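Below: one structure, written as structure tokens.
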Amino acid sequence: RNDLATADALADDDILGGRNFSVEMETGTGKTYVYLRTIHELHRAYGWKKFVIVVPSVPIREGVTQSLESMTEHFAAIYGKVPLDHWIYDSGQVSRLRQFALSNQLQVLVMNIQAFVAKSVAVVHQESDFMQGRRPIEFIQQSQPVVIMDEPQNMESEKSREAIASLHPLVTLRYSATHRNVHNLVYR
């Protein structure tokens, strides 16, 4: 339907693996809306409840958060009043990651790539007394979230790719108008 060639097998990334999919949409065409709706569709179709949206900058993070808040009623009209908990990762509140992992409702965590890319300094990678000696990232990992990358071309370094892989995603969906590396293109 979108004039994309079908593949016989998934392309594999040496760090991220093969469950990475690219969605190519022009700037200003509603990428944020599309991936927020995708979250609801995946929840409705498969019951998936854990989603991490990874962004390259604070302004994009703030835009995503505004969209989540302003579209609540719109998505409720389409999907019903599905309880959805969304929040921005804050290194001062890592104990909220336990809620992310254990909650039985739809969870959307918005994170800057900088929050977990440097293992030596990122709080999310450090053992914590508040987390019973566990590293906060372990709570994300155990939930095997669907990772949504907004503007992935800004997160293509080896360290960034390793950071994304460290989340143990079930699948990674990459939304951009200007992909540097296309991974199993599903929409253009």
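The figures follow:
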| item | result |
| --- | --- |
| Per-residue [θ]222 nm for the chain (sum of -39500 (n - 2.57) over DSSP H runs n ≥ 4, rounded to 500) | -9000 deg cm²/dmol |
| Extension gain (nm, one decimal) between T29 and K159, 0.36 nm per residue minus Cα-Cα | 43.8 nm |
| Net charge dipole size for the chain [Lys, Arg +1 and Asp, Glu -1 on Cβ; Debye, nearest 20] | 400 |
| Computed magnitude of the charge dipole of the range 33-90 (debye, nearest 20; Cβ of K, R +1, Cβ of D, E -1) | 260 |
| Rounded to 5, percent antiparallel among DSSP beta bridges of the chain | 5 |
| Accessible-area composition of the chain, carbon plus sulfur, in percent [1.4 Å probe] | 48 |
| Loop GluC sites (Glu not before Pro), the range 1-74 (other Cβ atoms within 10 Å of the site Cβ: 14 or fewer; DSSP) | E26 |
| Positive-end residue, the range 29-188 charge dipole about Cα centroid, Cβ charges, pick of Q107, S70, Q132 | Q107 |
| Selected from P83, H179, S57, residue furthest toward positive end of dipole (the chain; charges at beta carbon) | P83 |
| Karplus-derived 3J(HN,Hα), 6.51/-1.76/1.60, for each residue of the range 102-108, Hz, glycine and proline x | 9, 5, 9, 9, 4, 10, 10 |
| Probe 1.4 Å, accessible area per residue of the chain, Å² | 52 |
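The values are calculated or read from the model by the stated rules, or taken from the named source; none is laboratory data. Since this is a predicted model, take the numbers as computed values, not measurements. We place every Cβ from the backbone using ideal geometry, glycine too, and count neighbours over all the protein chains shown. Heavy atoms of the whole protein, side chains included, go into the accessibility calculation; ligands, DNA and RNA do not. Shrake-Rupley method; radii C 1.70, N 1.55, O 1.52, S 1.80 Å.
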